[in-house]
Amino acid sequence: MSELHHYDVAIAGGGLVGASAALALARAGLRVVLFERRYCGAQASGVNYGGVRCQGRPAEQLPLAMRAREVWRRLPESIGIDGEFVVSGHLRLARSEADLAGLAEYAHMAAEHGLHLELIAGRAFRTRYPWLGSAAIGGSLCETDGHANPRLVSPAFAQAARRAGADVLELTPLDDVTYDGARFQLSANGRRFSADWLINAAGAWANTIAQRFGDAVPMQPIYPNMWVTEPLPQFITHNLGVYGGGIYARQVARGNCIIGGGRGYGDGQYAQPSSDTTRTVMRDACALLPMLREALLIRSWSGVEGCTPDHNPIIGASHRVPRLLHAFGFSGGGFLLAPGVGEVLAELVVSGATATPLAAFDVDRFVPAAASLPSITSS
Amino acid sequence: MTDAARIVIVGAGPAGVRAAETLVAAGLRPLVLDEQSRCGGQIYRQPAAGAGFERSKRTLYGFEAAKAHALHSTMEALLPHIGYQADTLVWDCEARNGQGGRLVALHDAREQNVPFSHLILATGATDRVLPIPGWTLPGVYTLGGAQTALKTQGCAIGSQIVFAGTGPLLYLVAYQYAKAGARVAAVLDTSPLAAQARALPKLARQPATLAKGVYYVGWLQAHGVRIERNVTLERVHGERSVTSLAWRRADAGNGDEAIVETIRCDALALGFGLRPETQLADIAGCRFRFDDTTQCWLPERDAAGRSSIAGIYLAGDGAGIAGADAAELAGRRAALAVLEDLQCEATPDAHHEETASLERAMKRIAVFRSGLEAAFPPPFGRAASWPDDTIVCRCEQIDAGTLRRCVRAGEAKEINRLKALTRVGMGRCQGRMCGEAALALIADETDCSMQTVGRLRAQAPVKPIPLAAALGDDALAAIPEHARDE
Amino acid sequence: MLGTPDRQADACHPCDPQFVRVAETRRASVSFFLDGREAQALVGDTVLTAVLLQQRFVRHSEFNDEPRAGFCLIGACQDCWLHTEAGERIRACSTPIVAGMRLVTRARASGMNCDGDRAAAPGDGTAWSGER
């Protein structure tokens with residue numbers, strides 16, 4: 001009979017959410033084990049666009065976003081590296097008067113949450129941003145937003161969790177997980193584990209676990225497409241997005257421009273960029289940033305991201321199984337939020353509650369109100 | 001069945017041309033796409049047409065003149081029977097689960113989609129390079145590059161040139177330069193003569209090729225060109241360009257006793273054999289396997305050249321280094337496989353004898369090639385000796401010390417993770433010039449084999465493309481509503 | 001004086017040509033512009049050849065501003081990309097020189113003669129420097 005290892009908390013998924021939860025819990029003195037089937041931070045957490053932004057999020061995400069932003073501020077103390085986090089500001093571009101009106105309305109709402117935005121248009125806008133194409137007539141600037149390097153940040157959280165005492169097991173897919181009425185029983189790589197708490201942070205694959213406990217949500221995989229140019233002289237001063245969505249772009253210190261937009265292809269497990277999307281976005285990028293007409297594209301990629309119908313994540317407790325917490329489905333907006341989510345999850349474990357409002361992220365919100373699903377006590 | 005067939009060949013070198021020839025002989029009309037302006041690949045590369053280049057094929061190709069001429073003439077004769085588009089960069093391949101697919105290409109600054117039902121990838125090779133301190137200085141070129149300068153431009157890469165590295169190309173290019181009147185300061189081979197002697201039985205399987213190799217070495221010696229073997233390359237010196245190369249004997253002991261000799265030169269031609277251009281096969285989704293002989297990852301193929309994806313075939317150096325003769329055979333064999341798979345022939349065994357003969361010939365060459373690898377082993381194992389300040393990734397300026405620190409900190413023991421954390425392989429060349437060195441470094445630091453430290457994944461575009469190329473295309477759709485992210 | 005071998009080797013100057021013509025010199029001449037000054041090449045030369053017959057670099061590394069002069073010559077290493085004055089991107093080893101081409105190997109086209117000093121920092125003098 002193989003040895004059984006017991007932990008306070010088991011975490012499924014070594015992306016940024018799982019790793020930041022592991023770090024926060026280990027720092028709170030709990031025994032944590034994290035299972036990652038490949039390498040930590042190699043999936044969506046590692047290949048996303050790298051935007052660290054509060055602006056543009058719906059009202060219900062802002063409290064969590066503002067909290068997460070605080071974690072980003074303390075990044076070097078927390079994980080030992082700066083992750084190339086640059087507080088560049090986020091400029092959300094308007095292409096029409098209607099867009100400008102929309103931005104003004106959003107700024108009003110955001111101010112109520114403590115997020116201060118500056119609206120710029122007309123001549124002041126053109127003077128300040130001569131490098132933007134003429135289709136952009138104005139924008140909303142959030143000075144506290146920025147961008148960072150996901151390839152560095154996500155694995156660094158996992159390393160920090162290890163240093164804090166968590167058992168972070170890479171190349172260790174979870175074979176089985178059940179709830180026996182008192183504890184979670186897990187098996188992976190021929191070893192058995194038990195834990196009082198289970199955190200489901202398995203990203204685009206989290207439904208596999210959620211389903212086992214009757215908590216499946218209507219989440220679909222999406223494959224956001226990304227590109228990088230050769231290093232260019234510095235000219236893009238903010239992390240850029242477009243009101244209403246489209247392409248987004250940022251320039252890193254080394255000079256490369258990272259551009260995102262549209263969709264690649266995938267099969268739920270792996271993602272590939274699309275050459276059709278590449279051409280569309282190349283054209284759009286040249287229109288948005290005319291200097292890119294003189295640049296070379298050197299690489300494209302995509303990743304698998306879980307997307308929910310309302311584009312809000314799933315964060316919070318299962319209503320069926322005690323001490324089961326879900327945190328997945330970030331629908332493309334998880335990079336800023338994840339470090340905050342880790343802290344929130346730790347709070348839920350340690351004290352059973354959190355001051356950060358999570359109602360909008362309830363795991364059951366897609367279940368029709370009339371139906372009630374049978375609870376599952378073991379599977 | 002054949003009227004629906006759309007056969008596309010990528011590459012107009014020896015493999016691509018012979019594949020096209022075979023298909024035309026069977027009544028088909030393939031489309032041949034090539035990145036260069038004229039056919040011939042690298043070994044039979046031709047100077048620009050209509051520019052007044054005068055040298056004969058004998059001068060350009062030496063002993064290979066007849067083969068070069070035959071290949072060029074074949075292509076010439078094929079032109080009315082094939083589609084042919086030169087100056088075409090195929091930068092992506094979307095294969096549809098064995099149901100054909102499409103190539104994505106750039107030609108004349110415009111984007112193109114090229115659908116195929118059957119695809120023959122004959123994408124050739126580049127020099128295999130390993131770094132030495134100072135190798136990013138102006139004046140350092142690959143052996144293949146040095147050869148190209150002479151062959152297609154009538155230029156030597158410098159006025160006083162050292163040829164260094166290992167492999168048959170080392171002696172061939174030095175010979176070609178000396179014959180052309182360039183000043184060859186020295187030929188420095190990192191392999192010991194004993195390795196070549198031990199490999200003789202295998203090398204003797206291709207006696208004509210072996211004889212040529214022996215001839216080049218003999219000629220160089222007879223003409224007073226200095227040849228040193230069992231060399232360790234120390235450093236390329238110079239402020240703004242090459243001024244000298246420092247080297248020592250590999251077995252000269254360690255540290256202070258080793259005598260470092262410095263050879264004055266203003267150019268260095270450097271190379272350690274060849275590496276295949278497998279990016280399109282990778283992007284198309286072909287399975288790869290690790291080849292022990294050449295210590296590199298190759299796309300899987302059967303004896304006929306079929307890849308792991310139905311309808312995609314691989315021929316020539318682009319699927320595994322075997323030389324020009326093997327490439328011609330492989331091109332023909334792959335095309336015959338296409339015909340077999342199309343059930344084109346009146347009888348299924350129409351070419352049975354020939355395919356068997358082709359496969360036997362390729363097997364003999366494979367034995368010879370394994371002899372070459374043994375005779376001229378690229379010094380991957382010397383990765384430990386590269387000083388920390390040696391630039392490994394030329395594009396991103398990443399040095400060996402950076403890579404070692406990352407591996408030693410336990411952060412990466414696999415190439416894709418090392419790339420994500422250090423940026424090695426993220427530059428314009430996408431790992432062509434640094435990939436093998438990075439693998440060798442990880443293998444050395446972790447005391448593991450090259451095979452276990454992973455495989456660098458190709459990503460589209462396989463070579464950089466100008467963003468401006470998308471501007472002329474009005475037919476591009478907008479990003480769909482549901483895919484508009486902020 | 002460049003009499004002694006020592007002096008000869010150590011005096012490698014960025015404005016000396018890197019490449020040396022050893023054959024095919026009877027082709028027609030073509031003139032082009034390199035960093036603002038007129039230069040001559042022969043029809044059939046690649047941009048790389050044309051430039052390296054004038055000097056020992058075609059560009060500078062973005063990361064430490066050190067000179068580069070191409071490497072593989074077959075379009076694989078991507079180390080020879082330069083700009084035209086109009087902003088077009090050119091891979092020098094695989095692009096034929098064309099009469100009147102205006103090439104830039106320094107960030108700012110300089111009309112002065114080459115004196116081997118470091119290139120202007122990337123971004124200087126362009127219209128798109130934007131804000132810091």
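Overview of results
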{"quantity": "From the options A:R95, A:R67, A:R57, residue that is of a type in the set (K, R), touching a helix residue (DSSP H, G or I) at 6+ places or on another chain (Cβ under 8 Å) and closer than 19 Å to A:G245 by Cα", "calculated": "A:R57"}
{"quantity": "A:G244 vs. criteria at the interface with chain B (Cβ under 8 Å from one of its Cβ atoms) and under 30 Å from A:L119 (Cα atoms)", "calculated": "yes"}
{"quantity": "Which numbered condition B:H69 fails, given (1) surrounded by 15 or more Cβ atoms within 10 Å (Cβ to Cβ); (2) assigned to a loop (DSSP other than H, G, I, E, B)", "calculated": "(2)"}
{"quantity": "Considering residues of the stretch B:152-178 that are within 10 Å of chain C (Cβ to nearest Cβ) and part of a helix (DSSP H, G or I) only, the residue nearest to B:Y215 (Cα to Cα)", "calculated": "B:Y177"}
{"quantity": "Strands (runs of 3 or more DSSP E) lying entirely in the stretch A:101-179 (those with 2 or more residues that are in the same structural domain as A:I11 (by TED's automatic domain parsing) and modelled with pLDDT of 95 or more)", "calculated": "A:167-169, A:174-179"}
{"quantity": "Residue ID - nearest to the other protein chains (Cβ to nearest Cβ), chosen from residues in the stretch B:137-151 that are assigned to a loop (DSSP other than H, G, I, E, B) and touching a Pro at 6+ places or on another chain (Cβ under 9 Å)", "calculated": "B:P138"}
{"quantity": "Test result for C:E131, of a type in the set (D, E) and either over 25 Å from B:I391 (Cβ atoms) or at pLDDT below 90 (or both)", "calculated": "yes"}
{"quantity": "Restricting the stretch B:458-481 to residues that are acidic (D, E) and either at the interface with chain A (Cβ under 7 Å from one of its Cβ atoms) or under 30 Å from B:E35 (Cβ atoms) (or both), the residue that is surrounded by the most Cβ atoms within 10 Å (Cβ to Cβ)", "calculated": "B:D473"}
{"quantity": "Leading residue by the ranking (surrounded by the most Cβ atoms within 10 Å (Cβ to Cβ)) among those in the stretch A:282-308 that are more than 7 Å from chain B (Cβ to nearest Cβ) and under 23 Å from B:L280 (Cα atoms)", "calculated": "A:G303"}
{"quantity": "Checking B:N97 against (1) of a type in the set (S, T, N, Q); (2) at pLDDT 95 or above; (3) in a loop (DSSP other than H, G, I, E, B), the condition it does not meet", "calculated": "(2)"}
{"quantity": "Qualifying residue in the stretch B:101-122 (condition: in contact with a Phe, Trp or Tyr (Cβ under 9 Å, 6 or more places away or on another chain) and within 14 Å of chain C (Cβ to nearest Cβ))", "calculated": "yes"}
{"quantity": "B:R38, sole failed condition from (1) out of contact with any Gly (no Cβ under 8 Å at 6 or more places or on another chain); (2) part of a helix (DSSP H, G or I)", "calculated": "(2)"}
{"quantity": "Residue satisfying all of: in the stretch B:356-382; small (G, A, S) and within 21 Å of B:I321 (Cβ to Cβ); modelled with the lowest pLDDT among these", "calculated": "B:G381"}
{"quantity": "Residue in the stretch B:266-282 that is charged (D, E, K, R) and farther than 23 Å from B:Q451 by Cα present", "calculated": "yes"}
{"quantity": "Residue in the stretch C:50-58 that is at pLDDT 95 or above, β-branched (V, I, T), surrounded by fewer than 22 Cβ atoms within 10 Å (Cβ to Cβ) and in contact with a strand residue (DSSP E or B) (Cβ under 6 Å, 6 or more places away or on another chain) present", "calculated": "no"}
{"quantity": "Long-range neighbours under 8 Å by Cβ, at least six apart or interchain, first residue closer than 18 Å to B:A326 by Cα within the stretch B:6-27, second among the aromatic types (F, W, Y) and surrounded by fewer than 24 Cβ atoms within 10 Å (Cβ to Cβ)", "calculated": "B:A12/B:Y84"}
{"quantity": "Helices (runs of 4 or more DSSP H) enclosed by the stretch A:1-93 - at least 2 residues per element that are surrounded by fewer than 23 Cβ atoms within 10 Å (Cβ to Cβ) and in contact with a Cys (Cβ under 7 Å, 6 or more places away or on another chain)", "calculated": "A:62-73"}
{"quantity": "Qualifying residue in the stretch B:55-75 (condition: without any contact (Cβ under 8 Å) to a residue 60 or more places away in the chain and of a type in the set (D, E))", "calculated": "no"}
{"quantity": "Filter result (free of Cβ contacts under 8 Å to residues at least 12 places away in the same chain and more than 19 Å from the chain's Cα centre (by Cα)) within the stretch A:222-258", "calculated": "none"}
{"quantity": "Matching entry among B:A319, B:A334 (being under 17 Å from the mean Cα position of the chain (by Cα) and modelled with pLDDT of 95 or more)", "calculated": "B:A319"}
{"quantity": "Tally of residues being in contact (Cβ under 8 Å) with a residue 40 or more places away in the chain, in a loop (DSSP other than H, G, I, E, B) and buried (at least 17 other Cβ atoms within 10 Å of the Cβ) across the stretch B:338-385", "calculated": "5"}
{"quantity": "Selected residue (criterion: nearest to the other protein chains (Cβ to nearest Cβ)) from residues of the stretch B:46-56 that are over 19 Å from B:E21 (Cβ atoms) and within 23 Å of the chain's Cα centre (by Cα)", "calculated": "B:A48"}
{"quantity": "Sole residue being at pLDDT below 95, of a type outside the set (G, A, S) and not assigned by TED's automatic domain parsing to the domain that holds B:L329, chosen from B:E436, B:E396, B:E353, B:E411", "calculated": "B:E411"}
{"quantity": "Per-region count, the stretch C:64-106, residues over 22 Å from B:E239 (Cβ atoms) and either of a type in the set (A, V, I, L, M) or part of a strand (DSSP E or B) (or both)", "calculated": "19"}
{"quantity": "Residue tally, condition surrounded by fewer than 20 Cβ atoms within 10 Å (Cβ to Cβ) and in a loop (DSSP other than H, G, I, E, B), over the stretch B:437-457", "calculated": "6"}
{"quantity": "Conditions (1) hydrophobic (A, V, I, L, M, F, W, C); (2) buried (at least 24 other Cβ atoms within 10 Å of the Cβ); (3) more than 9 Å from every other protein chain (Cβ to nearest Cβ); (4) in contact with a helix residue (DSSP H, G or I) (Cβ under 8 Å, 6 or more places away or on another chain); number of the one not met by B:C434", "calculated": "(4)"}
{"quantity": "Qualifying residue in the stretch A:177-186 (condition: away from every other protein chain (no Cβ under 14 Å) and of a type in the set (G, A, S))", "calculated": "yes"}
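The values are calculated or read from the model by the stated rules, or taken from the named source; none is laboratory data. A quick note: this is a predicted structure, and the numbers were derived from the prediction, not measured. Glycine gets a Cβ as well: all are built from the backbone with ideal geometry, and neighbour counts include every protein chain shown.
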